[in-house]
Amino acid sequence: MTKTLKKFMLIIIFIMLLLVSCSDTSSQLHKTDKSYKVSMIVKMDSGAFWNTVKMGAEIAAKEYNVELTFLGPDSEDDIEEQIRLVNGAILKKTDAIILSAGDYMKLAQVTDRAGFHKIPVLSMDTEVASARVKTYIGTNNYEAGQKAAERLIELMHGEGQIGLVSFVKGARNADERASGMLDYIARFPKVEVVDTVYCGSNVQLAANLTNEMIRKYPHIKGIIALNEIAGIGVSQEVSRLGLGGKVKIVTFDSPPEVMEMLQEGIVQGTVIQNPYSNGYLAVKHAVEVLEGIHVPERVDTGSKLIDLDNMLWPENQKQLFPFVR
Amino acid sequence: MITVVVVLLVSLLLYNKFVKSAEDNAYLNIQQIIDQVNSHLELYVKGMQDIYEVVEQQIGQTGNISDSLLKEQLTTLLHTREDLVSLALFTPDGQMVLDVPDETMRRNTQLKEQSWYQTALKQPQTVSFSQPHIQNLYKGQYKWVVSLSRMITYKQDGVLKKGILLVDVNFRTIDELSSKVSLGKKGYAYIIDDAGNIIYHPQQQLIYAGLKYENIEPVFDYAFGSYIDYSTKDERYITIRTVKPIGWKIVGVAYPNEIVTTKRDLQVFLTWFLVVVITVVLLISIYVSAKISQPIRRLEKAVKQVGQGDFNTPIDVKGAYEVVQLSKRFNLMLHQTRQLMSQIIVEQEAKRKSELDVLQAQINPHFLYNTLNSVIRLVERGEKEEVVTAITSLSKLFRISLSKGMNMITLGEELEHVRHYLIIQKIRYKSKFNYTMDVQDEALSCITLKLIIQPIVENAIYHGIELMPDEGSIAIAVKVEGDSVVISVTDNGLGMSEEVMSQLLTGSVKNTSGSGVGVKNVHERIQLYYGEAYGLTFMSELEEGTTVFITLPVVRNDHHVVNMEGDV
């Protein structure tokens, strides 16, 4: 009898342990239930712009309990590496992918593949040619291009030659900025875009290309640099050549180097986007997509033209210098 | 059921208590964290003010502002503190008089538009702390600084002049200090100045971009304290402390629903705990009650069976100790009952048999025939009186021996019966013996079985006296000795050997003659009715005679006493 009693007790203890362990695991499940794995794959894993994006994304990740993986190739024109990264994210069965496509067309296929694996893809900063994309979060690049062109033409008093230093051929945001700019310039018959070059997000290359351009077109009155790397290269070269103020420069984004050039009067204006908001909203909307909440098709995080006059406005300072050093 | 209720109650109490103390602890913890940040900041600000004063003093002591010694001293001072970015003195119209370190100024500094410059002009007396801003004066990195500025006096070539002293302190220390504050998972701390400008906020950019909103207004009502803010979707626990020297407010924001998460965890745990405990309790109680009730039910069944008359099935119930004991006892009881019953059966049979014997004795045809023969002889001899005596005695004898079918009669009646028997026998044996009766009056009213003395007397006559050549005598004596009545029947006949005596009561001596109610029968009847303490005992010696003692309990019956008096 005592034997059966012991057996009975053992069974009860076993059941208790089982239930207790069950309760533990279930509560953990409860937590992981809400924690999503989101991969953010950007064009480049360095640079002030992308670091700011990352900062915003991390804030959102903390707020929405997201396990965020921030990835990017070493260089902005390494499209193959970016495709590999997206494939890796698909293999790792991440819950959602936030993609800033280095190439509008080349990343379309892998985006479709993610869609096939039921992984939602959100475009951030730069669009990709895929219907699978849930939403686009970023600057209206066409508008930003127009803003840059408007300021440059103002600075050139409505006439003269303009050079264009873009970054990667095929990058959607570069193309949109360029077309916005060209469309605006088209209204001014005395303004002529004489050259367009691609620096591949390489400062040295940008400087060299600028040098070539200025030598080729000595009367050039203005240069538009379409991203921060191009801006740094162009302004450094113009400064080196002692043409500061004579060749007007309007650029994009606000790395410290560009800000310095702005204060020194070599760069006259820069169109800044809102990388922090891009990163933050991208993660936020990714969570919303995963939770089945409807997200708008396009989220414009805005753009702003910064010049010497407004660069020290308190609300601009934080945006221009996101990192406290 | 009670256990379940108790468990529920206890866990509910525990839960409430636990949640309350967890909440209190969490709030206290938050306040302590903010307090700590506050004291750190106060200390830091105080340190900066001290440095400012030192710089001011050194400038004040120096006769000429362009003294290279002063510059050296200030450079050393700058290097002692890592977070000092720069020291500079400007004239009220924005010309630089002194700067440490010796860096090239940038162009387009717009310093007259900067807040530290303007506040120094507006409030020349106190050292003002600016909002954190980008220091754009010197080449090199753009740094976030907090500017300390005031209008001071300095001497240039011995001439007293007014100027604005600017000390820029790196904002990084404050930023790091504040960003490290974590209140729960989502909670944070932010700092605003006395005008409501954000000094530090982890989501400052989102607020500027309009993606976030911080409800600052109620914060102004407090310099120190805590409240719950319901302005946002999630309620928030706000703790406010003021950095006294500069009026900045540190605001801790915590989300009570995070505490609620621990509450929910606790709920989940408790629910599971309860489910487990209740299940276990139920299982155990079911098991235990089954363990106890099942054998009891079996016991009940067995008892019912016994009740229906089946005494032969022993109960074999296993289970708890008590139940086993119960069934053992019951079995024992059953066994005893069974024994008693068989005993009763045996006794009843014996009784019935002896009663039958008595009945036979009542109308012993042999005795009647002998007596009647004697009477006939008396009649032939014409002894009328003797005949009357004989018939009267016979009739009385029969009356008493029948005695309305009752088994019990008084000792008086019994002795009466014996007397009549002796009278008849005396007639029969032509006075071959004498008899005496010595009876205590006390004993007359005692109740006795009937026909117990007569068979003894009969024996005495047939076996003791009949074969004697001389005249025999029979003495009957009745005495009350304590609780018992002793009747002795003594004859002076042949007597008997020890051997015969010992066999008398075991029934191995067969007696064919006589009334048929043997000595053994008398003995058995007495023992059946009164127990083994009573019965017959013998005393005998060959050629001397025999005494038979009949021992009976004293049983009195008033009813019988009355009856007897009427009869005698």
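Numbers for the structure displayed
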{"item": "Calculated FRET efficiency for the pair residue B:370/residue B:342, C-beta based, R₀ 35 Å, to 0.05", "result": "0.25"}
{"item": "Dipole moment magnitude, nearest 20 debye, region B:139-214 about Cα centre, only Lys, Arg, Asp, Glu C-beta charged", "result": "160"}
{"item": "Efficiency of FRET between residue B:303 and residue B:6 - r from beta-carbon atoms, R0 41 angstrom, step 0.05", "result": "0.70"}
{"item": "Dipole axis of the protein assembly as shown (+1 Lys, Arg; -1 Asp, Glu on Cβ), positive-most option in A:280, B:320, B:238", "result": "A:280"}
{"item": "Inter-site label distance for residue B:392 and residue B:440 at 7 Å from Cα along Cβ, in nm", "result": "3.1"}
{"item": "Residue with peak Gaussian network fluctuation, chain A [Cα springs, cutoff 10 Å], from A:74, A:125, A:253", "result": "A:74"}
{"item": "Additional length obtainable on full extension of the chain from residue B:269 to residue B:499, 0.36 nm per residue less Cα span", "result": "73.3 nm"}
{"item": "Cleavage-rule hits, GluC sites (Glu not before Pro), region A:214-289, DSSP coil, Cβ neighbours within 10 Å at most 13", "result": "none"}
{"item": "Volume per residue that the Cα convex hull of region B:38-163 spans, once the total is divided by residue count, Å³", "result": "112"}
{"item": "Extension gain from residue B:555 to residue B:286, taking 0.36 nm per residue of separation minus the Cα-Cα distance", "result": "90.8 nm"}
{"item": "Region B:200-240 - Rg over Rh from alpha carbon coordinates, Kirkwood radius", "result": "0.98"}
{"item": "Cut-off 18 Å, label 7 Å out along Cα→Cβ of residue B:141, residues of region A:285-325 by amide N", "result": "A:318-325"}
{"item": "For region B:409-450: span of alpha carbons on each principal axis (Å, largest first)", "result": "33, 18, 10"}
{"item": "Selected from A:136, A:217, A:184 as most flexible by GNM, with chain A as the system and alpha-carbon contacts under 10 Å", "result": "A:217"}
{"item": "Top of A:183, A:95, A:103 by mean-square fluctuation, Gaussian network on chain A, Cα under 10 Å", "result": "A:183"}
{"item": "Ascending count of other beta-carbon atoms within 10 Å, so fewest first, for B:116, A:313, B:144", "result": "A:313, B:144, B:116"}
{"item": "Square roots of 5 times each gyration tensor eigenvalue, C-alpha, region B:203-306, largest first, Å", "result": "66, 14, 9"}
{"item": "Alpha-carbon radius of gyration plus Dmax, which is the widest Cα pair, for region B:176-254 in Å", "result": "11.8, 35"}
{"item": "Two-decimal Rg/Rh across region B:12-97, once Rg and the Kirkwood Rh are taken from alpha-carbon atoms", "result": "1.41"}
{"item": "Check: the protein assembly as shown dipole with +1 on Lys, Arg Cβ and -1 on Asp, Glu Cβ, in debye", "result": "1660"}
{"item": "Rounded Å value of the spacing that divides the Cα centres of region B:477-491 and region B:335-398", "result": "23"}
{"item": "Largest-first ellipsoid semi-axes for region A:115-246, taking √(5λ) over the Cα gyration tensor eigenvalues, angstrom", "result": "31, 17, 11"}
{"item": "q = 0.06, 0.08, 0.10, 0.11 Å⁻¹: log10 I(q)/I(0) that the Debye formula gives for chain B, counting C-alpha atoms only", "result": "-0.59, -0.78, -0.93, -1.03"}
{"item": "Estimated [θ] at 222 nm from DSSP helical runs (n ≥ 4, -39500 (n - 2.57)) normalised by residues in chain A, nearest 500", "result": "-16000 deg cm²/dmol"}
{"item": "Beta bridges per DSSP with both ends in region B:379-476, % antiparallel, nearest 5", "result": "40"}
{"item": "Globularity ratio of chain A, using Cα Rg and 2.2 N^0.38 Å", "result": "1.27"}
{"item": "Distance between region A:134-161 and region B:267-306 - C-alpha centres, whole angstrom", "result": "83"}
{"item": "Alpha carbon centroid spacing (whole Å) that separates region B:36-94 from region B:99-157", "result": "12"}
{"item": "Calculated P(r) tail over 17 Å for region A:48-184, as whole % of Cα pairs", "result": "64"}
{"item": "Theoretical gain in end-to-end length, residue B:231 to residue B:44 [0.36 nm per residue, Cα-Cα removed]", "result": "64.0 nm"}
{"item": "q = 0.23, 0.27, 0.28 Å⁻¹, region B:42-82: log10 I(q)/I(0) [Debye, one scatterer per Cα]", "result": "-0.76, -0.93, -0.97"}
{"item": "Mean residue ellipticity (222 nm) of chain B, computed from DSSP H runs ≥ 4 via -39,500 (n - 2.57), nearest 500", "result": "-17000 deg cm²/dmol"}
{"item": "Value of relative contact order over region B:28-174, rounded to a whole percent, pairs C-alpha under 8 Å and six or more apart", "result": "26"}
{"item": "Inter-chain shielding of B:266-279 (mean C-beta neighbours from other protein chains, 10 Å cut-off)", "result": "3"}
{"item": "Chain A: relative contact order in percent, alpha carbon pairs under 8 Å with at least 6 residues between", "result": "19"}
{"item": "Virtual spin-label span in nm between residue B:61 and residue B:110, 7 Å along Cα→Cβ", "result": "3.9"}
{"item": "Relative frequency of Cα-Cα separations exceeding 51 Å in the protein assembly as shown, percent", "result": "55"}
{"item": "Cα→Cβ-extended label distance, 7 Å offset, between residue B:257 and residue B:159, nm", "result": "6.8"}
{"item": "Percentage relative contact order, region B:139-198, counting C-alpha pairs under 8 Å, at least six apart", "result": "25"}
{"item": "For region B:260-339: Kirkwood Rh in Å [reciprocal of mean 1/r, alpha carbons]", "result": "15.5"}
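We did not get these values from a lab; they are worked out from the coordinates using the rules stated. Bear in mind that the values here come from a model prediction, so they are computed numbers and not experimental data. Don't worry about glycine lacking a Cβ; one is built from the backbone with ideal geometry, like all the others, and counts go over all protein chains shown.
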